[in-house]
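Laboratory data are not the source of any read-out in this text; all were calculated from the coordinates shown. Remember, predicted model here, so these are calculated numbers, not experimental data. Cβ placement follows ideal geometry from the backbone for every residue including glycine, while neighbour counts extend to all protein chains displayed.
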Amino acid sequence: MAVFVIWESRFTEEGAAAGAEMTRRIWSDMRDFEGYLGHQIIQDLDDPGHLLIVSRWLRREVADAARDRYAAHENARRAMSLAREPRRRFVGKPLPTTGPERSQP
């Protein structure tokens, strides 16, 4: 089952541009990993140092393997050095957009 992996990064005001560039480099590299399906980088309009990355992977196991293999990469280390707090990550699945029928009162 394909999964979404969402990363959240927060960079200082001074490091926002460099953090965004490192994030773009990291995700450009992800294209080379098995099971990678795509991603979108989203920047907070009110806080340019706040980024969300929504990525899709074939399976959780390949996403976890890519994370583990890339952790020591220079781009990952540089992004962590620019971050004002540790990056957050969660793995999820999409929920149906419609729920069960609601009964009428």
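Worth a mention:
- Least to most buried among MET1, MET80 (fewest other Cβ within 10 Å first): MET1, MET80
- Degrees between helix 16-30 axis and first principal axis of the chain (Cα, 0 to 90, nearest 10): 70 degrees
- Mean projection area, nm², convex hull over Cα of the chain: 8.8 nm²
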